Amino acid sequence: MINIVAPSARPSPYLPDISGLARAGRTRLFCFHYAGGTASAFASWRDRLSPQIALLPVQLPGREYRVHDRRILAMDRLLEELVRDLRPMLDAPFALYGHSMGAMIAYAFARHLRDHGGPAPSALLLGACPPPDTTGRSAHAEIPDRAALVHWMRELGGVPDALLQYPEWLEASVALLRDDLVLASTYRPPPSGPLSCPVHVLAGARDPVLPPARAGEWAEHTTGPFTTHTVPGGHFFLREHPDELVHLVNNLLRQPFRA
Amino acid sequence: MTSIEQFLSLIHTEVGLELAVEDIDRGFDQVAGWDSLHLLTLITALEETTGQQISMPDVLQATKLADIYGLAAIS
């Protein structure tokens, strides 16, 4: 086996396991989790992804093994850290998948790379996330109060009933979710024009956050190939239907896009 | 909860994952098939099995299953 890990690629708090970089010829798939979530959201993909794809789940600070790291509320700062830590790993074909908040991060990361002379992903996969606000409104986070947030998350399927038995856990989950929503909702893309890489938008058939009918709104964010896909499930189709989702991801990354 | 084998058996029964002993020292994101919601299922089952409450502040600081086993073992 040829080891092609770039000499400058080092394990990072965002990605401590870089063993997936070691095999040549694989597309490196960097995955960004949803708000209030963790990198383990992609653990079920490990045995489902094509052998030609290296799974690289990115862990944001403030959860799981990074529970002691301070959470980041501003996209600019997060992008600086992601570029610092992940840029050395982008010396081979790579793709980005983001789910909900993670989709906004993946999109912002692709733009940041483009705007700073970095490489482009072979594909940008955006799940369960409406496009960023481009109306020029100020980047002020309008996050619902605690009760409304819990109600909203329960409706989406993000807060199981059992969690209500553990008030401390619920409070910690709400605090994490709130900070993540600030991060995602205050992002405004710089006026540097659309991307040119292929963009594929995935919408859950029953997702009120990104209904399938709105998936096409992302089209203006790339001049490259653009497709939309409706997958079974609601906002958390990532958890609900991993087989169907990963099958689609494998197909989208398997072949060069043909318009 | 007296043994790691019992702990792994409980995970298998309640969460549906068949894990090996070495898996409990991996970060949650490195355990194939793990989902953060599984932790909630597991804690609920552990409390029912042991009849003891597990310290929530400690659960919230856990980074791997070995941490949860440690909390269950001392509860």
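The values are calculated or read from the model by the stated rules, or taken from the named source; none is laboratory data. In this text the structure is predicted, and so the values were computed from the model without any measurement. Every residue, glycine as well, gets a Cβ built from its backbone with ideal geometry; the counts of neighbours run over all protein chains shown.
Things worth noting here:
- Summed over the stretch B:17-48, the residues that are polar (S, T, N, Q) and at pLDDT below 90 give a count of 2.
- Filtered residues of the stretch A:202-239 (kept if part of a helix (DSSP H, G or I), under 23 Å from A:Gly36 (Cβ atoms) and free of Cβ contacts under 8 Å to residues at least 40 places away in the same chain): A:Ala215
- Residue within the stretch A:37-47 that is more than 8 Å from chain B (Cβ to nearest Cβ), crowded, with 22+ Cβ neighbours inside 10 Å and of a type outside the set (S, T, N, Q) present: yes
- Comparison of B:Ala32, B:Ala45 shows that the only residue that is within 11 Å of chain A (Cβ to nearest Cβ) and over 11 Å from the mean Cα position of the chain (by Cα) is B:Ala32.
- Scanning the stretch A:104-145 for residues being in a loop (DSSP other than H, G, I, E, B) and at pLDDT 85 or above gives a total of 13.
Okay, residues lined up against (1) under 16 Å from the mean Cα position of the chain (by Cα); (2) in contact (Cβ under 8 Å) with a residue 40 or more places away in the chain; (3) more than 24 Å from A:Ala184 (Cα to Cα):
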| position | (1), (2), (3) |
| --- | --- |
| A:Gly20 | no, no, yes |
| A:Gly25 | no, no, yes |
| A:Cys31 | yes, yes, no |
| A:Pro51 | no, no, yes |
| A:Asp91 | no, yes, yes |
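- Selection status of B:Thr41, without any contact (Cβ under 8 Å) to a residue 40 or more places away in the chain, in contact with a strand residue (DSSP E or B) (Cβ under 8 Å, 6 or more places away or on another chain) and at negative phi: no
- On the stretch given as the stretch A:73-86, residues that are surrounded by fewer than 20 Cβ atoms within 10 Å (Cβ to Cβ) and either β-branched (Val, Ile, Thr) or touching a residue at least 24 places away in the same chain (Cβ under 8 Å) (or both) total 5.
- Pair list, Cβ under 7 Å, 6 or more apart: the stretch B:13-25 residue in contact (Cβ under 8 Å) with a residue 40 or more places away in the chain, other residue of a type in the set (Gly, Ala, Ser): B:Ile24/B:Ala66; B:Asp25/B:Ala66
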